[in-house]
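Visitor: Provided herewith is a single structure, encoded as structure tokens, for subsequent inquiry.
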Amino acid sequence: MEDKNFGYELIILNSGDIMNYMKTALTEEFTIKDIVTVHYFEFARDYIYEGESHDFWEFVYVDKGEVEIMADTEGYKLKQGEVIFHKPNEFHNLWANGRTAPNLMVISFYCTSPSMSFFENKLLSIGDSERQLLAKIMKEAENSFSSPLNISTLEKLERQESSPFGSEQLIKLYLEMFLIHLVRKDSSITKEIRLSSAAKERTEENITNRIINYLQSNIYDRITFEDVCRFANMSRTNLKITFKNRAGTGVIEYYKQLKIEEAKRIMREEELNFTELSEKLGYSSVHYFSKHFKKSTGMTPSEYICSVKSIC
């Protein structure tokens, strides 16, 4: 009886103890709150995407075929099973190789977690577990959004009127798991193996031609270097290097020369005085126009027009 009483009292004593439980905050290596796009594309074998840059992360996974991709000033060739990440504000574009029609999955999202630095300037090879996560993301995206996921010009995902419980949260969780898997696996591909000089040359030529067309279309305006950077979606440094490699001169120097050539044409074909001419070409003053014209041609506008008249 005494043993039972002792045991009973011991239980009461233990149940009355105050336990100081401490919570443990779980570490999150990746936190994704906002998604921009989820795409799955089946492109033609001659598909070309001219390029863009934006303030969020994006990755391209090659599900079938091959593509050539430009990331800033580096060109890469990706084959089936490989993925490349584009960091915020990195200019990027891609081409199919002209032989095989590629299938691509493209996901873009906002993430400021420091661990995202792992993905900068890397190509990665994924396995079955990562592919399954991508398939789950695509399935939940189709459940969550009514927007067609095969339209490259899609700027906003529209929600379904009704979707399975938790479908958007599953996209977040699967995407975070995908990133964790890639870091743990660290299947980086040596950059030199995949480097494609052909992709780089093709990209530089394409970008330069687009910029030249832009400058020609705005010959009567006052285009700044920053305007061109915004048009081309490129940083100042990359634009300067790319354009000079292909055109042999700087962007603004090229633009000024276009204006001079247009000024010559106007002098030969139209009846404008120099003030009207300088205003039409977007110069701040006739003095600045005359100074620039002489520096470029070795003659003042008056000397040039007299030479033209004497020829005529």
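Visitor: Over the alpha carbons of region 58-144, what is the largest minus smallest coordinate on each principal axis, giving the biggest first in Å?
Guide: Cα extents, longest axis first: 33, 30, 23 Å.
Visitor: In addition: What does the convex hull of the alpha-carbon atoms of region 81-216 project to on average, in nm²?
Guide: The number I arrive at for region 81-216 is 10.8 nm².
Visitor: In terms of the Cα gyration tensor, with a ≥ b ≥ c the square roots of its eigenvalues, is region 84-135 rounded because a/c is under 1.5, prolate because a/b exceeds b/c, or oblate?
Guide: oblate
Visitor: How large is the dipole of region 151-262 about the Cα centre if only Lys and Arg carry +1 and Asp and Glu carry -1, each at its Cβ, rounded to the nearest 20 debye?
Guide: 380 debye
Visitor: Collect residues whose amide H, placed 1.01 Å from N in the peptide plane, falls under 5 Å from the amide H of Glu90; neighbours closer than 5 in sequence don't count.
Guide: Answer set, sorted by chain and number: His54.
Visitor: Starting from the exponent 0.38 and prefactor 2.2 Å, build the expected Rg for region 198-311 from its residue count and divide its actual Cα Rg by it.
Guide: The value comes to 1.20.
Visitor: Structure shown: which of Lys33/Lys77; Lys156/Lys200; Lys122/Lys200; Lys136/Lys156 lie over 25 Å apart, alpha-carbon to alpha-carbon?
Guide: Lys33/Lys77; Lys156/Lys200
Visitor: For the chain, compute Rg over Rh where Rg is the Cα radius of gyration and Rh is the Kirkwood radius from the inverse mean 1/r over Cα pairs.
Guide: Here the Rg-to-Rh quotient is 1.26.
Visitor: Taking the Cα centre of region 34-195 as the origin, how large is its charge dipole in debye, to the nearest 20, when only Lys and Arg (+1) and Asp and Glu (-1) carry charge on their Cβ atoms?
Guide: In total the dipole reaches around 520 debye.
Visitor: Next up: Through the Karplus equation 6.51 cos²θ - 1.76 cosθ + 1.60, θ set to phi - 60°, convert the phi angles of region 281-286 into ³J(HN,Hα) values in whole Hz; use x for Gly and Pro.
Guide: Result, rounded to whole Hz: 8, x, 7, 6, 7, 5.
Visitor: Would you mind telling me which residue in Ile126, Ile266, Ile241 has the biggest mean-square fluctuation in a Gaussian network model of the chain, where springs connect alpha carbons within a distance under 10 angstrom?
Guide: Largest GNM mean-square fluctuation: Ile266.
Visitor: Cα axis of helix 128-144 to longest principal axis of the chain: angle in degrees, 0 to 90, nearest 10?
Guide: 80 degrees
Only the coordinates and a few stated rules stand behind these numbers; no lab work does. As the structure is a computational prediction, the values presented were derived from the model and not from experiment. Quick reminder, even Gly has a Cβ in these numbers, built from the backbone with ideal geometry, and neighbours come from all protein chains shown.
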